[in-house]
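The values are calculated or read from the model by the stated rules, or taken from the named source; none is laboratory data. Everything quoted here is computed from the prediction, not taken from an experiment. Neighbour counts run over all protein chains shown; Cβ positions are idealised from the backbone, glycine included.
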Amino acid sequence: MRRNKRVQNCFSRRDFIKATAAGAGAAALTGLGAEEAKAQGRPVRWDKEADVVVIGAGATGLPAAIQAIEGGASVILIDANTDVGGHAILSGGNMALGGGTSRQKKYGVVDSPDLLYSDLTDWSVVEPNGFPDYRYNDKEVIRAFADESAKTYEWLIARGVTFVDKAPDTLGGHAVGNSAPRESHAAPLEWPQVQTGVAVSPERRATASSGVGLIRPLEATARKLGVQILLQHKMASIVRENANSGRVLGIVATNQGKTVNIRARKGVIIGTGGHSSNVNFRRIFDPRLTEEYQVAGEPYSFQDASGEIAAMTIGASLWGAYNQSGEFGQNVTKAGWIGCQYGYVNLSWQPDSPIFSLARATGLSVKDYQNAILVNQAGLRFYDETQGQFPANNYDSIKPYIPRSYLNAANVKYSPSNFINAALAGTGDTSPGGGPIWAIFDSDAVKREGWRVAPPYVDIGGGYFFAADTIGELAGKIASKYQRKPMPADALQSTVTRYNSFVDAGKDADFEKPTPKFKIQTPPFHAAWATPVIHDTRSGLRINAKCQVVDLKSGGGSERRSHPRPLLRRRVRGRIQLARFGAVHCAGTHRRQERCRGENLKA
Ligand SMILES: Cc1cc2nc3c(=O)[nH]c(=O)nc-3n(C[C@H](O)[C@H](O)[C@H](O)COP(=O)(O)OP(=O)(O)OC[C@H]3O[C@@H](n4cnc5c(N)ncnc54)[C@H](O)[C@@H]3O)c2cc1C
């Protein structure tokens, strides 16, 4: 087995022997007898086994698998999907890695782990809408993140990731701290994009940024090192010695209807991504997020909370929920493509995509919201259509920035930007979600935007795009399963009539849309799905700084730090709202850090 020297140094032989001994213990426990195992709800036989079993082959799972195999472990990596990558392969490939990366140094950016830590734990920084970015971050976890951030950047390069050769910037990142630019970008090279089915044009291969440039090199490295990747294997449960105590022994997965029990001699790593696609689970954090909301990443990758649920079933807990409920950046976004079910702004599904049959339409991009109004399920406008999602801080966005000073808040210009809240508010009835949002426009708008209102651009068959010769008829045609009530024709007609009067008056008396320009008056009229999109999971299982999942019943504070009761390993992503590829840190460098620490302690 090929082993990276640097990593090998971090994972001492003594560690390995210790871990192997623990594994032998686990084997003895599983050998208690079929009856007892059955009585305790554990598998009576293991179909496969490895030292480390990793669940999910995305931004967490792939680096974790590589790190484990480089440390000398045998590794099985499973993924429920037909291909690797999860949300990460669809992502922009923008990675907020700072603290003094080689790229930061090359371009003269001053940064350090302490500066990064200070930025990401600064209670005094607030968004233009008043929400604090960093106040509720877990300092223990952020300290580890800050210490390992730069090393993770180098780790990725050593495992095949090519970064765009330019100075770190702020593109694609939000809230990565005020003190230094920290965004680097994975070059897509020649890898085909999942969303288009083809590689980006040759002149952009080294300069664009894309998750495919992160995931495909890591996949290639993992395979080359001998990680056994099992696709279409969905983890159904995690097996622990006892219901809520003892070692984690392995997992139960399903593969095309068959149960596969996989024993993990040394550890299980959960890299299942999160819970944005699980309606009931995401509503733990925000009860408004009912079933109609789109999720960025679908229909390729569904984060269905299976990791959280499996871990919570055997004793884990959630943690750091504010980062998911807080209103900043891309928590919930305005639809970027309308007239299709999956319209996240940076993800347009093209007919050559291998999963286009699931996406069904590319959608229409709105260049100018003067060409459409947005109405809720009751046919009523709710806000200035030109507004967008929640704002976010970034490098240099608070000036002057004085670390941990109350004056920072005073330097932020208050700007609530409540478009998303208005969309989610609904129509004043008792239904918890806001219901669908529809873009309404006429044939003149179609010409001005240069749209083609037919498949594959819009999804007529799926119920995400409608056309009619009158506004009243259009309202009657909107027959989405997500409409809790039919849209009243008279309500939509009076909304359009009133909006047209604002065009005559040159002023939007309801929502102050800047000088409404165009009437909606020329048939055919159209209604295109424009419901907001949930972007990420931003909180997850309780972990310590070693990315070990900690039981709910374990103590907190110093007790937790000195006597953690690790359950199993888990990605950190959800907990570091500020750097979504924190998962890479966790699975890669945090694990390395943990091993290095162990060795240092012994030395
Ligand atoms: C369109 C888009 C753009 C983004 N752009 C950026 C960006 O530019 N920068 C950034 O930092 N972040 C970005 N993000 C967020 C980033 O992609 C995620 O934070 C990151 O991928 C999370 O990594 P993960 O490993 O936890 O989950 P994922 O990458 O989603 O991987 C989870 C994997 O687990 C698998 N899985 C789930 N449940 C099971 C199960 N029960 N059994 C087996 N397998 C399972 C899934 O199939 C999936 O392959 C973006 C996200 C999207 C959707």
Search the stretch 74-109 for residues being over 28 Å from residue 233 (Cβ atoms) and of a type in the set (Ser, Thr, Tyr), and hand back the single one that is nearest to the ligand (Cβ to nearest atom).
101
Residue ID - farthest from residue 394 (Cα to Cα), chosen from residues in the stretch 316-332 that are more than 13 Å from the ligand (Cβ to nearest atom) and of a type outside the set (A, V, I, L, M, F, W, C):
317
Residues that are within 14 Å of residue 86 (Cβ to Cβ), crowded, with 21+ Cβ neighbours inside 10 Å and within 10 Å of the ligand (Cβ to nearest atom), drawn from the stretch 201-232
211, 214, 215
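Surrounded by fewer than 19 Cβ atoms within 10 Å (Cβ to Cβ) and not hydroxyl-bearing (Ser, Thr, Tyr): is that true of residue 514 in this structure? Steps first, please.
Details: surrounded by fewer than 19 Cβ atoms within 10 Å (Cβ to Cβ): yes; not hydroxyl-bearing (Ser, Thr, Tyr): yes.
Criteria met by residue 514.
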Given the criteria in a helix (DSSP H, G or I), buried (at least 18 other Cβ atoms within 10 Å of the Cβ) and small (Gly, Ala, Ser), does residue 445 qualify?
yes
What number of residues within the stretch 490-508 satisfy the criterion of being more than 38 Å from the chain's Cα centre (by Cα) and hydrophobic (A, V, I, L, M, F, W, C)?
3
Would you confirm whether or not the stretch 354-364 contains a residue that is within 15 Å of the ligand (Cβ to nearest atom), farther than 23 Å from residue 280 by Cα and in contact with a Cys (Cβ under 6 Å, 6 or more places away or on another chain)?
yes
Regarding residue 437, is this residue touching a Ser or Thr at 6+ places or on another chain (Cβ under 8 Å) and of a type outside the set (S, T, N, Q)?
yes
Regarding the stretch 373-380, can at least one residue be identified that is farther than 22 Å from residue 526 by Cβ, of a type in the set (A, V, I, L, M, F, W, C) and part of a loop (DSSP other than H, G, I, E, B)?
no
Report, by residue number, each residue of the stretch 289-315 that is surrounded by 19 or more Cβ atoms within 10 Å (Cβ to Cβ) and away from the ligand (no atom under 15 Å from the Cβ).
289, 290, 292, 315
Within the stretch 141-198, considering residues that are closer than 28 Å to residue 361 by Cα and at pLDDT below 95, the one surrounded by the fewest Cβ atoms within 10 Å (Cβ to Cβ)
171
Contacts under 6 angstrom Cβ, first residue in the stretch 101-127 being surrounded by fewer than 24 Cβ atoms within 10 Å (Cβ to Cβ), partner acidic (Asp, Glu) and assigned to a loop (DSSP other than H, G, I, E, B), 6 or more apart:
104/111
Tell me which residues, restricted to the stretch 276-333, are polar (S, T, N, Q), in a helix (DSSP H, G or I) and under 16 Å from residue 86 (Cα atoms).
306
Identity of the residue in the stretch 242-275, in a loop (DSSP other than H, G, I, E, B) and within 12 Å of the ligand (Cβ to nearest atom), that ends up nearest to residue 232 (Cα to Cα)
272
Filtered residues of the stretch 234-243 (kept if touching a helix residue (DSSP H, G or I) at 6+ places or on another chain (Cβ under 9 Å) and surrounded by fewer than 23 Cβ atoms within 10 Å (Cβ to Cβ)):
234, 236, 237, 241, 243
